[in-house]
Amino acid sequence: MQSNNPLITTHRKMNLKHLSVTNFKNIESAELDFSPNLNCIVGDNGEGKTNLLDAIYYLSMAKSCFGGSDTQHIRHNEPFFLLQGRYTRNGDETVISCGVQRSEGKVLKHDGKTYDRLSDHLGFIPLVIISPTDNELINEAGEERRKYLNTLLVQIDREYLHALTRYNHLLSQRNKLLKTPTGAGSDLLLTLDEQLATPAQLIYTRRKALIAGLQPFFAILYKTLSEDKEQVSLDYRSALDNAPLYELLRANAERDRIMQHTTVGIHRDDITMQLGGYALRRIGSQGQQKTFLIALKLAQYEFLKRRNGQHPLLLLDDIFDKLDERRVQQLITLVAHETFGQIFLTDSNKIRLNHMVHELTQEYCIFNAKGGLFSHNQTTAG
């Protein structure tokens, strides 16, 4: 059947076939086989649904989605955690494992071979997660929105990762120098300013291009979810819109000396999010804000898919809360479409979940979560 969905293109699928979890958060031991399409985890709050999604996230990003040190995610009174995923990628099977010991740190392996650098793994298993913590993108400071851009770009752009690492190192050196009595007027400061300019320009250019690339997908998705009721916009704002970083640093040299830190640069950039021409955080209802975030993350999914040539994994954690019935229905119809690959979805409302999956024609699995244990409840071929 020919689809009229403008987002649909043909791409290879990345599937997680089997997940093994040991001593991760409240999960003592779990072995799960997944559907290549939709996987639903249902249970009350605090039973381990989100922890299971975070284990999947860990295997893609080599860290938790929710922050904290690696050892904080080890189950209480245990010496380690171990995660292992068996995937099919481009028709081939591959195994990724991540282990953390309290005394020895983190080890990430691909088919039994340890990575020399964790950064070499980023982007191998592309992934997008939508969770309640996404509200921080709207309501918190610009650091959260920059973190969002960085997490997306490091999955697709190795040059960006190197430039970001270089910029942060040089910025730290510059800030330390500004705290010394003679640092602000030294030749070393001028040298650092020159060195900072190169990675800053690359980071700025790639972030600007990313937002421009997300915008058309974002507009289509928000229009679909809201049934074309509201106008939204997304824009990247930077001081580098006006001048190269070296000029900005020289113009702000005296201010930096007084403040004893670098007051201008890509570490101060931000994303503006607007609804009907006004700041989303000020006028958007909870439902409108959540719709905005879901559209943004699904646009990220589409961007990654087209850039990598394969479907990322899509993790949907408690996404139906604060959405009215119409938007829930629009979202279900959207994510169940062939536009998306393998999906992992959590919900605490069993009635809503059962109603949702009965509307679908694709294969799905349902798991019940209770106390960190997961029982396979139902599988259907649609």
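Listed values, structure above:
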quantity: Relative contact order of the chain, defined on C-alpha pairs under 8 angstrom at six or more residues apart (%); calculated: 26 percent
quantity: Distance in nm between pseudo-label sites at residue 168 and residue 118 (7 Å out along the Cβ direction from Cα); calculated: 1.0 nm
quantity: Ranked packing of 174-183, 80-89, most packed first, by mean Cβ within 10 Å; calculated: 80-89, 174-183
quantity: Rg [Å, one decimal], Dmax [Å, integer] - the stretch 228-313, C-alpha atoms; calculated: 18.0, 50
quantity: Compactness index (Cα Rg / 2.2 N^0.38 Å), the stretch 138-308; calculated: 1.18
quantity: Considering only the stretch 138-308, percent of DSSP beta bridges that pair antiparallel, nearest 5; calculated: 100 percent
quantity: Amide H contacts of residue 273 (H built 1.01 Å from N, under 5 Å, at least 5 apart or other chain); calculated: 280
quantity: Neighbour-count order for 222, 204, fewest beta carbons within 10 angstrom listed first; calculated: 204, 222
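None of the figures in this text is laboratory data; all of them are computed from the coordinates on show. On a predicted model such as this, the values are computed, not experimentally measured, just so you know. Positions of Cβ are generated from backbone atoms using ideal geometry, with glycine treated the same way; all protein chains shown enter the neighbour counts.
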